[in-house]
Amino acid sequence: MATLLTLPSHLIESINHLLREDLELPDDLREPLLEAIKQPQADIIAPLDIRDGLYTQNDGNIDGKQEDSTAVPRPPTIDYDLVERLSRWATSDKGKMSLEKNNLDTSRYTDISLLSGTEIYVDPKELARLRAAENPEKPNPYLPSYLSPAPPSFGSEYRNLTRTLSTTFNVIFSILGSAGAVYMAAVSGAGYSREKGVLLGILAGLIVGIADGVLVVLFMSKVEKDRRERHERGRKLMKGSGKALDQIEDQARIEQGVQVKLLAKEGIESTAVSAKQIQLRRRALKPSNPE
């Protein structure tokens, strides 16, 4: 796939100087350069996200004009390989002599000078696909569904929020409930003073809070471990069937070893050989003796 570069004004000016008739420019450079600077301004259809960005930057219009069209003008481009070939010719002895003969600055046709101000041009549709592949919240079109992350839906986000809130409230209520129960039991049942009851309630709440925190940490670590195992399982499935064939071969080798050991215990000599040791020989056909 060819790499396209945008054509800045200084590069167009440098190419126009080379396209003069009195300059001995090779035909394999003259024709492509002539086509590059005479490119028409073609309109292309940009994806929705790129069009939205253009409308936002220009306050609801493209190129400062109020238009309903979704077409975006494509800038003139030039192939990177063509620029590289032009630079090689201009820095050669023959090219330098030709440029100096026509009073042209040879330093304007080096790699750095020609590529100055250029940008790599990517088609808007291809750019949208690349952005979708880089966005972690969108499914990657280049990966299978079990490896590509699904976009979060409203239902999944609501369930996650509800689960988080319920866990938080359960921890708070368990701490307050245990502290209150210990306080009431210490004051009314055991006959302790209120000060001792408050201290015992606070101690009970701390113990319950620490226990709940440990349970939450263990649960989250288990969830993270399961997620990593699913990812590792999906990655192994991407390796193809070669690993499965190796497992079948290993299992057959183990079964063969067990069979040999059983036969050895019974005093029977085994004549089994592995499949890798079997080699077929081809015999040439003997010519029949004519009678």
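A short reminder: the numbers here are calculations on the coordinates, not readings from a lab. Only a predicted model underlies this, so the values are computations on that prediction, with no experimental measurement involved. With ideal geometry, Cβ positions are generated from the backbone for all residues, glycine too; neighbour counts draw on all protein chains shown.
Which of the residues spanning region 195-223 are surrounded by fewer than 11 Cβ atoms within 10 Å (Cβ to Cβ) and more than 22 Å from Asn170 (Cα to Cα)?
Glu195
If you go through region 163-210, how many residues are in a helix (DSSP H, G or I) and either on the phi > 0 side of the Ramachandran plot or among the hydroxyl-bearing types (Ser, Thr, Tyr) (or both)? Before you say what the answer is, go through the steps one by one.
Going residue by residue through region 163-210, those that are in a helix (DSSP H, G or I) are 163-189, 194-210.
From the residues that got through so far, the ones that are either on the phi > 0 side of the Ramachandran plot or among the hydroxyl-bearing types (Ser, Thr, Tyr) (or both) too are 164, 166-168, 174, 178, 183, 188.
Result for region 163-210: 8.
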